[in-house]
1. So which residues in segment 242-267 are open to solvent by 10 Å² or more (accessible area, probe 1.4 Å) and within 20 Å of Arg338 (Cα to Cα), if there are any at all?
2. Can you tell me how many residues within segment 177-225 are open to solvent by less than 20 Å² (accessible area, probe 1.4 Å), assigned to a helix (DSSP H, G or I) and of a type outside the set (Val, Ile, Thr)?
3. Those residues that are among the aromatic types (Phe, Trp, Tyr) and either surrounded by fewer than 24 Cβ atoms within 10 Å (Cβ to Cβ) or free of Cβ contacts under 8 Å to residues at least 12 places away in the same chain (or both), I need them from segment 24-79; list them, please.
4. I need the full set of residues from segment 298-308 which are touching a residue at least 24 places away in the same chain (Cβ under 8 Å), of a type outside the set (D, E, K, R) and either touching a His at 6+ places or on another chain (Cβ under 7 Å) or open to solvent by 10 Å² or more (accessible area, probe 1.4 Å) (or both), in order please.
5. Before we move on, is Gly311 at positive phi, assigned to a loop (DSSP other than H, G, I, E, B) and either out of contact with any Asp or Glu (no Cβ under 8 Å at 6 or more places or on another chain) or surrounded by fewer than 17 Cβ atoms within 10 Å (Cβ to Cβ) (or both)?
6. Determine, yes or no, whether Glu515 is within 16 Å of Glu439 (Cα to Cα), of a type in the set (Asp, Glu) and assigned to a loop (DSSP other than H, G, I, E, B).
7. Any chance segment 71-88 includes a residue that's at pLDDT below 95 and under 30 Å from Met440 (Cα atoms)?
8. Restricting attention to segment 425-434, does a residue exist that is closer than 28 Å to Gly337 by Cα and open to solvent by 30 Å² or more (accessible area, probe 1.4 Å)?
Amino acid sequence: MKKLALAMWFAILGVAHAADERPNILWITSEDNGQQLGCYGDEYADTPNLDRLAERSLRFKTCWSNAPVCAPARTTIISGMYATSLGGQHMRSGVRLPRELKLYPELLREAGYYCTNNSKTDYNFADADAGWDDSGKKASYKNRPDANTPFFAVFNFTVSHESKIRVRPHTPVHDPAGAPIPAYHPDTPEVRRDWAQYYDKLTEMDTLVGKTLDELDQAGLRDSTIIFYYGDHGSGMPRSKRQPFDSGLRVPLLVSIPKKFRHLAPKDYADGEESDRLVGFVDLAPTALSLAGVKSPTSMQGVPFLGRFAGEAKQYLFGYRGRMDERVDMVRSCTDGRYVYLRYFYPDRPYLKHVDYMFQTPTTRVWKELFDAGKLNEAQAKFWKTRPAEELFDLQSDPWEVTNLADRPEYQERVEVMRAAVADWMIQTRDTGLMPEAEMHERVGETSPREYAMGATNASQRWVRLAMSATDVESDLKPRQLVRLSANEDSVIRFWAVRGLALRGEVDALMKLTEDANASVAIAACDGVLASSADDTAKRSVTQRLIELSDVEAVGHFAAVAALNVLDTRAELNAEDRKRISELPRQLRKPPPRVGKYVGRLLDKLAG
């Protein structure tokens with residue numbers, strides 16, 4: 001009777017089993033690495049500990065991090081929601097969360113789990129408290145109050161981070177001569193050296209994984225613990241990290257379930273086998289809850305792929321790119337496991353922009369130098385040029401994603417289907433990226449981006465449809481329609497109408513809109529004029545207007561960043577312009593959370 005009463009009590013709480021019958025859950029994560037592991041068939045890799053773990057795990061073939069960079073990817077994990085639904089898709093930012101939203105550590109703690117994070121957070125929240133029992137370099141399941149308390153523990157290893165690839169001096173262990181070089185990278189000594197060092201760092205990371213697993217064994221906990229291992233997004237090498245290609249989003253995911261808890265495993269679970277099920281980071285939090293016997297709240301957008309509440313497999317995974325440090329951008333992507341579709345909302349800007357942090361890697365610098373010197377082949381040069389509106393890649397025949405199939409007649413049906421899937425997903429999830437970042441913060445005020453977006457159902461659908469049509473010059477949207485929309489009272493409608501006019505070179509309409517009362521709209525109009533065939537007088541006038549719009553104290557942080565982006569990529573600046581720019585304020589007295597340095601960084605570059 002006592003056991004029955006206890007079981008009923010846990011059922012009321014939404015928990016499947018009593019505490020001693022629930023699994024411990026261990027997440028081992030590594031930074032900035034894709035599937036460059038022995039267990040994923042990479043013969044250049046040296047990862048014996050992960051290879052052994054894979055022999056006792058189900059290996060997922062296609063797991064996407066949803067975002068190709070740390071902060072928005074981790075925002076997605078901790079919330080169980082797409083970062084685009086929270087306004088947290090930019091690198092970095094600090095947005096308010098919805099008042100009723102509970103993050104998964106809090107939900108697990110309510111279910112009786114001891115939850116620790118060792119130690120990276122990097123969430124794009126104004127309030128970074130995620131509800132851990134302990135989060136820091138000493139956080140561990142070893143500190144739980146008693147041995148009968150189930151634990152959820154994260155151990156995150158930074159040794160494979162992008163910054164470690166360029167640390168010198170370093171004596172390569174992997175022979176650079178044997179490094180696998182992607183088709184988009186030039187084959188130079190610098191590039192080979194960076195790739196070899198990347199693999200060296202994966203071996204170091206693998207050693208740390210082995211140590212963590214040994215400690216679990218020594219504590220006698222292996223048979224009561226479900227183990228996850230995954231990377232936090234693709235490789236830290238350029239054109240992987242920060243880009244929502246498969247190369248930036250596909251990560252390793254191993255899940256080891258001891259025999260005691262095989263009832264929580266999927267039907268295709270078998271040690272050492274591979275699963276074709278599509279999994280994204282948005283699914284991790286609901287899956288952890290499901291393993292603990294807790295049903296996900298309706299706010300979570302992911303689908304559990306293990307445990308009591310496991311759901312149906314997905315048809316598509318989705319990816320996103322927002323502002324990357326000081327560079328404004330917007331890209332959305334999706335995959336069905338074989339094909340990858342990308343939609344660019346700034347097709348008039350290059351794939352690879354000058355992100356200061358990325359340019360500290362030797363590969364990035366030599367790659368750009370060779371492009372400027374005209375010494376790259378077509379596949380290598382492509383990524384320093386402007387983009388089409390959309391791309392489609394077949395990973396089966398083109399694993400490096402260099403050959404765009406989107407404009408080929410035989411692929412039009414697939415492109416249309418995947419384009420529609422992206423648009424529908426953006427509408428259904430209330431993608432906040434349709435609002436320029438400055439506009440999002442202005443509109444939200446004291447609430448959260450998510451709460452604002454949920455109240456803008458009809459507007460959200462209209463924004464998506466307009467943005468998709470306006471940024472594709474092959475669409476049926478006519479300039480006269482865009483001119484009419486550019487007078488709309490909704491500044492987000494005006495913004496995308498202006499983006500459409502800019503891509504179509506409608507100079508006269510754009511010149512009038514450079515004086516729009518909304519800074520984001522005015523900046524977009526200035527961008528269009530500078531990119532057009534307008535005369536020098538018009539372009540000089542617009543350059544002066546942009547310098548005005550770069551005053552962070554006058555227009556705010558995010559608008560200033562956007563204006564400085566346009567000045568840097570479009571304007572021909574003279575000595576007087578650079579002097580004016582150098583005298584602009586570098587940041588607000590109280591800058592937004594986590595992003596205060598970006599205005600100053602751009603000012604330094606522009607001032608020369």
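1. Correct list: Asp246, Ser247, Arg250.
2. Of the residues in segment 177-225, 13 are open to solvent by less than 20 Å² (accessible area, probe 1.4 Å), assigned to a helix (DSSP H, G or I) and of a type outside the set (Val, Ile, Thr).
3. Listed by number, the residues that qualify are Trp27, Tyr40, Tyr44, Phe60.
4. Let us first name the residues in segment 298-308 that are touching a residue at least 24 places away in the same chain (Cβ under 8 Å), namely 299-302, 305-308.
Those still in the list that are of a type outside the set (D, E, K, R) too: 299-302, 305-307.
Within segment 298-308, Ser299, Met300, Gln301, Gly302, Gly307 qualify.
5. no
6. no
7. So far as segment 71-88 goes, no, none of its residues is at pLDDT below 95 and under 30 Å from Met440 (Cα atoms).
8. Taking every residue of segment 425-434 in turn, at least one turns out to be closer than 28 Å to Gly337 by Cα and open to solvent by 30 Å² or more (accessible area, probe 1.4 Å).
The values are calculated or read from the model by the stated rules, or taken from the named source; none is laboratory data. Predicted model, so just to flag it, every value in this text is computed and none were measured. Here the Cβ is made from the backbone with ideal geometry for all residues, glycine too, and neighbour counts use every protein chain on show. Accessible surface is based on the protein model in full, side chains and every heavy atom, while ligands, DNA and RNA are left aside. Shrake-Rupley method; radii C 1.70, N 1.55, O 1.52, S 1.80 Å.
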